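Asks: Here's a structure for you.
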Amino acid sequence: MAAFLDPEDTLLLIIDLQKGFCHPDSGMGRANGVGPQRRILPKVAALVDFCRKRGVPVAWTQQVHFLEDVTRARRRTASHAQKQGFLPCVRGTWETEFDDAIAPCVQPEDYVIEKHRASPFLDTTLPAKLRMLGTRSIIIAGCNTEYCVESTVRDAYARDFELVVVSDCVAGIRPDFHRDSLKKFAAYFAVVTPSAGLGKLFIRRR
């Protein structure tokens with residue numbers, strides 16, 4: 001594939017690397033374990049450094065759920081949280097914090113996008129920031145592959161962004177769902193590459 005990533009209009013978007021999704025003592029950790037999520041943290045830290053050295057801006061999403069969310073309370077069918085048996089990253093709890101292994105990577109010049117649903121494109125400031133930055137291409141990492149990452153990929157593609165999903169920098173709850181999402185990304189929405197191959201996608205300037 002020909003190189004197409006230009007640092008001048010590319011953004012690195014990292015999804016939900018918070019304690020609620022990465023810490024073994026979180027509700028998700030106790031219910032399902034967080035081994036896959038923890039294994040990608042060093043890779044994501046290296047990815048952030050790689051992108052910073054190329055002048056690519058970095059954005060982080062931060063999931064925050066409200067216990068008093070009336071939209072969830074009035075549902076007539078079971079929510080995803082009810083089906084999973086836990087509600088992660090509740091406002092005011094330690095689960096909303098970035099994981100200790102990743103928190104040092106978050107810098108003052110970065111963009112932190114608080115979100116209340118799976119996709120950071122829904123009712124957040126992300127779309128406006130992308131317009132102001134002139135973003136055309138988005139590199140995506142984070143968790144969980146089959147839910148928040150996939151929702152992000154689909155919404156970004158629908159808005160005509162060119163997408164790269166870094167396969168060893170995303171993780172999910174269920175391995176079969178994770179693999180299925182990566183297959184769908186590659187088939188329809190994005191370039192899927194391991195971090196070792198990302199450099200080949202950047203345009204080389206003379």
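The values are calculated or read from the model by the stated rules, or taken from the named source; none is laboratory data. From a predicted model like this one, the values you see are computed outputs, not experimental measurements. So basically every Cβ, Gly included, is an ideal-geometry build from the backbone, and we count neighbours across all protein chains shown.
Asks: Residues being farther than 21 Å from Thr152 by Cα and outside any helix (DSSP H, G or I): count how many of those fall in the range 48-64.
Replies: Selection size over the range 48-64: 2.
Asks: Consider Ala45 carefully, then state whether it is in a helix (DSSP H, G or I), touching a residue at least 40 places away in the same chain (Cβ under 8 Å), over 20 Å from Val153 (Cβ atoms) and within 14 Å of the chain's Cα centre (by Cα).
Replies: In short, yes.
Asks: Mind checking whether some residue in the range 16-39 is among the β-branched types (Val, Ile, Thr) and outside any loop (DSSP other than H, G, I, E, B)?
Replies: no
Asks: So Thr124 passes all but one of these: (1) within 14 Å of the chain's Cα centre (by Cα); (2) outside any helix (DSSP H, G or I); (3) among the polar types (S, T, N, Q). Which condition number does it fail?
Replies: Of everything listed in (1) within 14 Å of the chain's Cα centre (by Cα); (2) outside any helix (DSSP H, G or I); (3) among the polar types (S, T, N, Q), Thr124 misses just condition (1).
Asks: Quick one: in the range 169-185, which of the residues that are surrounded by fewer than 17 Cβ atoms within 10 Å (Cβ to Cβ) and touching a residue at least 12 places away in the same chain (Cβ under 8 Å) is farthest from Thr124 (Cα to Cα)?
Replies: Pro175
Asks: Something else about it: Mind telling me which of the residues Leu182, Leu198 ends up being closer than 30 Å to Arg30 by Cβ and in a helix (DSSP H, G or I)?
Replies: It is Leu182.
Asks: Hey, can you tell me all the residues within the range 88-121 that are aliphatic (A, V, I, L, M), assigned to a loop (DSSP other than H, G, I, E, B) and either surrounded by fewer than 20 Cβ atoms within 10 Å (Cβ to Cβ) or in contact with a Pro (Cβ under 8 Å, 6 or more places away or on another chain) (or both)?
Replies: Across the range 88-121, the qualifying residues are Ala101, Val106.
Asks: Something else now. Give the residue, chosen from Ile14, Ile113, that is touching a Phe, Trp or Tyr at 6+ places or on another chain (Cβ under 6 Å) and of a type outside the set (S, T, N, Q).
Replies: Ile14
Asks: On to the next question. Based on what the data block shows, is Ser119 within 18 Å of Val64 (Cβ to Cβ), in contact with an Asp or Glu (Cβ under 8 Å, 6 or more places away or on another chain), hydroxyl-bearing (Ser, Thr, Tyr) and in contact (Cβ under 8 Å) with a residue 24 or more places away in the chain?
Replies: Considered against the rule, which asks whether it is within 18 Å of Val64 (Cβ to Cβ), in contact with an Asp or Glu (Cβ under 8 Å, 6 or more places away or on another chain), hydroxyl-bearing (Ser, Thr, Tyr) and in contact (Cβ under 8 Å) with a residue 24 or more places away in the chain, Ser119 comes out as yes.
Asks: Now for a separate question. Would you check if Ala78 is of a type in the set (A, V, I, L, M, F, W, C), more than 16 Å from the chain's Cα centre (by Cα), loosely packed, with under 14 Cβ neighbours inside 10 Å and part of a helix (DSSP H, G or I)?
Replies: no
Asks: Additional query: If Pro88 passes every condition in (1) more than 21 Å from Asp123 (Cα to Cα); (2) modelled with pLDDT under 95 but one, which one does it miss?
Replies: (1)
Asks: Can you go through Val192, Val149, Val164 and tell me which one is surrounded by 15 or more Cβ atoms within 10 Å (Cβ to Cβ), touching a Gly at 6+ places or on another chain (Cβ under 7 Å) and not in a loop (DSSP other than H, G, I, E, B)?
Replies: Step by step, each of Val192, Val149, Val164 is checked, and only Val149 is surrounded by 15 or more Cβ atoms within 10 Å (Cβ to Cβ), touching a Gly at 6+ places or on another chain (Cβ under 7 Å) and not in a loop (DSSP other than H, G, I, E, B).
Asks: Would the range 127-135 turn up any residue that is within 21 Å of Gly27 (Cβ to Cβ), surrounded by 20 or more Cβ atoms within 10 Å (Cβ to Cβ) and of a type in the set (Ser, Thr, Tyr)?
Replies: no
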